[in-house]
Structure formats: structure tokens, C-alpha cells
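**Student:** Take this structure first; my questions come after.
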Amino acid sequence: MVTKLRIPGVKRYRDRHGRWRNYHRATGKPILAEFGTAAFAAEVNELNGLVKRPPPVADGTLKGVMDEYKATPAFADLAMATRSGYERYFDVAAPLHAVPIKSIDSAGLAVIRDKVAMKRGRRTANYMLSVLSVLFGFAIERKYVTANPVLVVKRTKRDKSKPKANRPWTLAERQAVLKAAPPHLKVPLALAMFTGVRKGDALKMRKDAVRGAVIATSKTGEEVFIRIHPELAEILASVPAHAAPTIAATSRGTTWTVTGFNAVWIKFKGKLEDEGRIGPGLTIHGLRHTLGGLLADAGCDLDTIRRVLGQKTLTMAQLYSERAKKEVATKDAMDRLDPLGTKAKSGQTNV
């Protein structure tokens with residue numbers, strides 16, 4: 001039996017002429033010495049020395065505290081997506097990584113906030129501050145610091161001249177999109193529109209989630225059972241059968257990836273915008289806000305809205321309800337308003 005020798009950090013393969021090639025993985029450089037010889041080992045060691053390794057993290061730096069926090073049960077207990085988000089925004093704060101956490105103050109954080117906002121946008125800057133606030137809370141528990149400087153740093157505000165992110169869709173936009181969408185795109189759009197699930201959940205929702213006239217799903221960790229709206233049922237019934245385990249599938253009958261869906265959606269949406277059939281700023285997450293608003297407009301109570309959307313608190317449901325109340329109140333006021341005396345001439349009540 002021939003034993004295959006593997007050397008860490010070395011890529012070894014035969015080229016198209018049948019000759020063995022050896023490459024150093026970290027540097028991408030070819031290794032010229034004969035494989036397995038002392039000269040080969042010496043060349044590998046020399047190339048290893050060229051690799052720049054990050055200096056060890058000093059205790060007490062922001063990076064050191066980050067690494068310590070990531071080793072705690074509290075971090076391990078977070079959902080995978082949450083942990084991934086935390087690490088992403090830890091990386092955004094890279095300019096502070098080597099700074100002793102005791103030396104970080106609100107002024108320094110404000111400078112980083114502004115730089116991040118200019119380069120990556122205000123949402124990224126604000127999320128970074130939120131994650132750093134969690135980290136400082138951990139540092140206070142461990143008595144590394146006595147105060148959380150993030151708490152006094154203001155979040156960057158949205159430019160009011162720009163459209164709101166994830167705005168609700170108008171009725172005309174909802175109708176236009178579903179009318180123009182091909183079957184493979186219409187299904188995930190309809191799932192988001194009629195159930196309020198997020199984009200990723202709409203793409204990965206399995207066929208076995210449909211239980212009779214109900215869709216069983218999970219939103220924000222909450223199990224939700226949603227009765228299938230007749231118009232959604234009609235759309236699902238009209239879609240050609242496919243072998244994918246998910247309700248939604250691509251034109252080839254395979255499960256959607258988020259990247260693939262985004263590419264198709266952006267092209268489709270751009271065409272409708274160019275034709276003037278929809279306004280700018282439509283997002284799939286906007287359908288979630290749309291459904292919340294429609295439920296409030298229909299008179300649903302806060303707890304019902306919360307349950308349909310799978311929200312753990314009433315906060316967002318309260319926002320939808322307040323918006324609906326404002327619209328009703330202003331409509332009533334405008335119905336009564338008679339600034340030119342037109343209604344007075346006909347004997348109607350006026351203001």
C-alpha cells in the first residue's frame with residue numbers, strides 16, 4: 001500500500017503533462033526543490049517566514065476583550081445569524097482594535113462613527129455602535145472599565161431628503177409586480193406579500209410547511225401559523241410543479257439562493273421602474289411593513305399584528321396601529337374641512 005504524504009501548507013498536484021507541481025499555499029509561490037527532501041523542507045520553512053502573521057492580541061485592548069467575549073456562553077447562546085452580525089460589526093471597528101479599552105472614550109467613538117458613516121453608510125455606523133455597546137457592557141461586568149462611553153454617542157440620523165428604507169408598497173405597485181412577475185419570481189414575492197416572512201424565509205420555506213389551509217413557519221424564533229389567503233392559494237396552485245423541496249423554486253426547478261434571487265429581482269424591478277409601473281425604493285422587506293400596515297388598517301389589534309408577523313414585542317405593531325389611526329383621523333378632518341364654503345352652501349357641516 002502506498003502512503004500519500006501530505007505537508008501542511010503545501011499544495012501538490014499533477015499538471016496536464018503529468019508532472020508534479022508543488023506550491024506554497026500562503027504565498028502562492030512554487031517550491032522548486034525535490035519533494036520530500038531536506039532542501040524541500042528548508043524552502044517551505046523559508047516561505048513560511050514570508051507570511052505576515054498578526055501580532056498576538058494584548059490583554060486589555062478592544063480586540064482582546066472582543067475575543068474574550070466571543071468565548072463566553074452568552075455569545076455562544078446567540079443565534080448563528082446574530083453571532084455573524086456581531087463579528088461583522090466588530091470588524092468594522094478595526095481602527096480601534098489595538099487600542100486599550102480603558103482609553104476609548106465617546107469622542108474617539110464619535111470620530112470612528114463619522115468615518116464609518118461616510119464610507120459605509122449610517123446604518124452600518126449605528127449597528128457598529130450598538131455592538132460595541134454590548135461589548136462595553138461585558139467589559140463593565142468584568143471590571144475592565146467603569147462606564148459605557150457608547151451610551152453618550154448619538155446615532156447618525158437618516159437624511160430626510162432620501163426615501164425611507166423598506167418603505168411600504170402601494171396597492172398599484174403590489175398589483176403591477178404580481179401581474180408582471182414570471183411564475184418562479186411570483187411565488188417568493190407572494191409568500192412575502194401575504195405572510196410577511198422575510199426574504200430568506202420565503203426562499204427556503206419548505207413544501208411541508210403547507211398544512212392544509214395553513215402555512216406553519218417561524219419568524220424571529222417564534223412559531224407562527226398563518227391561514228393561506230385565497231389569492232395566495234390561487235398563485236401557488238398556478239405554479240408548475242418542480243422537484244425542489246421548497247415552495248419557491250428557480251426557473252430550472254432548483255432551490256433559490258439569496259444571491260440568485262437578488263440578481264433576478266433587481267433586474268426585474270429595474271425594468272418596471274424604467275416603465276414607470278413602480279416607484280423607486282421597493283424592497284422585499286418592505287412587504288413585511290406593508291402587511292403590518294394593512295393589518296392595522298383592517299382594524300386588527302396589536303397582539304394579532306404581532307402574532308402574524310412573528311414579533312416578540314408589540315413595538316412594531318404599535319407603529320403600524322398609530323399610522324393607521326393617524327390616516328383615519330386626517331381623512332375625517334379633511335372630509336369635514338370646507339375652506340371655500342362649498343359645503344356650507346349645500347348645508348353640510350364644515351370647519
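**Student:** Over 27 Å between C-alpha atoms is what I'm after, so list which of K179/K207; K29/K119; K11/K70 land there.
**Tutor:** K29/K119; K11/K70
**Student:** Along the charge dipole of the stretch 10-50, which of W20, A41, I31 sits closest to the positive end, that is, farthest toward it, with unit charges on the beta carbon of Lys, Arg, Asp and Glu (+1, +1, -1, -1)?
**Tutor:** W20
**Student:** Using the C-alpha atoms of the stretch 10-50, what convex hull volume per residue, in cubic angstrom, is computed?
**Tutor:** 59 Å³
**Student:** A follow-up question, please. How do K119, K143 rank when sorted from fewest to most other Cβ atoms within 10 Å of their own Cβ?
**Tutor:** If I rank by nearby Cβ atoms, fewest first, I get K143, K119.
**Student:** Place the peptides 280-289, 96-105 in order of packing, highest mean first, counting for every residue the other Cβ atoms within 10 Å and averaging per peptide.
**Tutor:** Taking the mean over residues of other Cβ atoms within 10 Å, the ranking is 280-289, 96-105.
**Student:** Let me ask something else. In which sequence would H17, H242 go, from the one with the fewest C-beta neighbours within 10 Å to the one with the most?
**Tutor:** Ranking H17, H242 by Cβ neighbours within 10 Å, fewest first, gives H17, H242.
**Student:** Using θ = phi - 60° and the Karplus form 6.51 cos²θ - 1.76 cosθ + 1.60, what ³J(HN,Hα) does each residue of the stretch 130-138 get, whole Hz, x for Gly and Pro?
**Tutor:** Result, rounded to whole Hz: 5, 5, 5, 5, 4, 5, 5, x, 5.
**Student:** Quick one: what does P(r) look like for the stretch 175-261 with 5 Å bins over all Cα pairs, in whole %?
**Tutor:** Pair shares across the bins are 3, 15, 28, 28, 18, 8, 1.
Since every read-out is calculated from the coordinates, none of them should be taken as a lab result. Source: prediction; values computed, not measured. Every residue, glycine among them, receives a Cβ derived from its backbone with ideal geometry; neighbour counts consider all protein chains shown.
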